Amino acid sequence: MFADPALYTEIAQFYAWHMALMDNGEPDAWADAYTEDAVFEEPGRSSVLRGREAIRAAITKRVAELAAAGTVMRHWTGNLSVTPQPDGSLRAQYYSLVMRAPRGERPDMFAHVVCRDVLVRRGDRWLIRHRHIGVDALEK
Amino acid sequence: MFADPALYTEIAQFYAWHMALMDNGEPDAWADAYTEDAVFEEPGRSSVLRGREAIRAAITKRVAELAAAGTVMRHWTGNLSVTPQPDGSLRAQYYSLVMRAPRGERPDMFAHVVCRDVLVRRGDRWLIRHRHIGVDALEK
Amino acid sequence: MFADPALYTEIAQFYAWHMALMDNGEPDAWADAYTEDAVFEEPGRSSVLRGREAIRAAITKRVAELAAAGTVMRHWTGNLSVTPQPDGSLRAQYYSLVMRAPRGERPDMFAHVVCRDVLVRRGDRWLIRHRHIGVDALEK
């Protein structure tokens, strides 16, 4: 049921690295961690994005909006579970708390979500083939 | 002082799995992760629960109340430490932030606690023999 | 790019242990985890501290102030990345959410920061040689 230590710590580090790309305003590197045919779903918040370039366009727009507003976001990952699949892909589930942290102001929770990803191996790296974000709560 | 990588990642995944059972409304599977003679203590919040069936009854009631209220809770685990004991049991300590996440609303912190568990091996799985929850803060 | 499982889980446990020292009011043990010549930077919040004894004096004062006020703080670490350097040191980066948890009251977020540490091996333990805390948000 559980991933071995090498796989589990690799995926934990994958998410620490990947979330930091978004939070540091590097949308291209963030989008490059998706497969070319990746699907990104966040029901109730946005329409389904199909393909890496659609995902890239959406994150590029989002990062630009946040930068224009001077808003820093920090995406926490927690309670990570990693389940290898028979076809070599992985299912990863984790909670994500999105902190909105305007510099010099009081920290603030923007959203709480549960993410379910399918990751696939491409050479020496993992790519996201499918992401489903279940929004538990979101600031209105 | 520290657990080896296999043990540490196994226990991290144990908690990710176990917290999700409660958060997804599966009280029976959650209760089955306690030993038959387990003790559950949460001083200042509830009386001591003795035995798996008392723990099962309490969580079943709690899950039903949350479902009736339409409330989603997400129990985060953080700063996990795992210390093997000479008798083969483990002591695990972690912080837990309890997010209350009513769908479509602003996320909210319900409680912050420090958990101290004793885990014992039974066949191929770990069971909780003792849980002590120190409540740091709780919404009034 | 990523640390191996033994190193990654060791550093995760190092931080769980070290944060608990501060949160449990043990400033001397906390300060002993810095090198004698350590540098502690938290721009915009305090002046640079140079040397273990300056760090010890600052944390001792801070812990005493919190104890006098009856305030419990809990320093969460998240999204940990660990990058070994050619000289044997490590770079560690992590998010930290500082929960202020007055007993019996509603939990509260005090600060959100991004920490960048340089750790060095001394015998069988890791010590912090440099800490840079980037304050994203802080309660006014």
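Restricting the count to DSSP beta bridges whose residues both fall in the protein assembly as shown, what percent are antiparallel, rounded to a multiple of 5? Walk me through the intermediate numbers first.
Values: 105 of 117 bridges.
The antiparallel fraction comes to roughly 90 percent.
Think of the range A:1-89 as a dipole: +1 on every Lys or Arg Cβ, -1 on every Asp or Glu Cβ, centred on the Cα centre; then among A:Met19, A:Val72, A:Val48, A:Val72 lies furthest on the positive end. Per-residue mean of foreign Cβ neighbours for B:91-100 is 4 (Cβ atoms of other chains, 10 Å radius). Counting only other chain Cβ atoms within 10 Å of each residue's Cβ, the peptide A:109-122 averages 2. The long axis of helix A:52-69 is offset from the longest Cα principal axis of chain A by roughly 30 degrees.
Could you list the residues of the range B:110-137 with an amide nitrogen less than 20 Å from a label point located 7 Å from the Cα of B:Val48 in the Cα-to-C-beta direction? Taking a point 7 Å out along Cα→Cβ of B:Val48, the residues of the range B:110-137 whose backbone N falls under 20 Å are B:114-120, B:128-136.
Just need log10 I(q)/I(0) for the range A:5-138 at q = 0.16 Å⁻¹, Debye formula, equal scatterers on the alpha-carbon atoms, no solvent, rounded to two decimals. At q = 0.16 Å⁻¹ the computed log10 ratios are -0.84.
When Cβ neighbours within 10 Å are restricted to other protein chains, what is their mean count per residue of peptide B:69-81? Mind showing how you got there, number by number?
On the way: counts 0, 0, 0, 5, 1, 10, 3, 9, 3, 12, 14, 4, 8.
The shielding value for this peptide is 5.
Note on B:Glu26 and C:Ala6: their simple-model spin labels are 3.5 nm apart, each label 7 Å out from Cα toward Cβ. Kirkwood radius for the protein assembly as shown, taken over all pairs of different Cα atoms as the inverse mean of 1/r, rounds to 22.4 Å.
Take C:58-71, B:46-59, A:2-15 and order them by the average number of nearby Cβ atoms within 10 Å per residue, most first; the result is A:2-15, B:46-59, C:58-71. When chain A is treated as a GNM with alpha-carbon contacts under 10 Å, the residue of A:Glu36, A:Glu105, A:Glu26 showing the greatest mean-square fluctuation is A:Glu105.
Can you give the charge dipole size of the protein assembly as shown about its Cα centre, rounded to the nearest 20 debye, using +1 on the beta carbon of Lys and Arg and -1 on the beta carbon of Asp and Glu? Write out the running numbers ahead of the final one.
Numbers: 54 positive and 57 negative charges, 135 e Å.
It works out to roughly 640 debye.
What sits nearest the axis between copies B and C, counting only chain B Cβ atoms, is the residue and whole-Å distance B:Pro5, 2.
Each copy carries C:Ala29; placing its label point 7 Å along the C-beta direction from Cα gives inter-copy distances of 3.7, 3.7 nm, listed from smallest up. Each label point was placed 7 Å from the Cα along the Cα-to-Cβ direction; for A:Thr60 and B:Glu139 their separation is 4.0 nm. Placing a label point 7 Å from Cα along the Cα-to-Cβ axis, C:Thr60 is separated from the same position in the other copies by 5.6, 5.6 nm, shortest listed first.
Every number here is computed from the coordinates shown, using simple stated rules; none is lab data. This is a predicted model, so every value here is computed, not measured. So basically every Cβ, Gly included, is an ideal-geometry build from the backbone, and we count neighbours across all protein chains shown.
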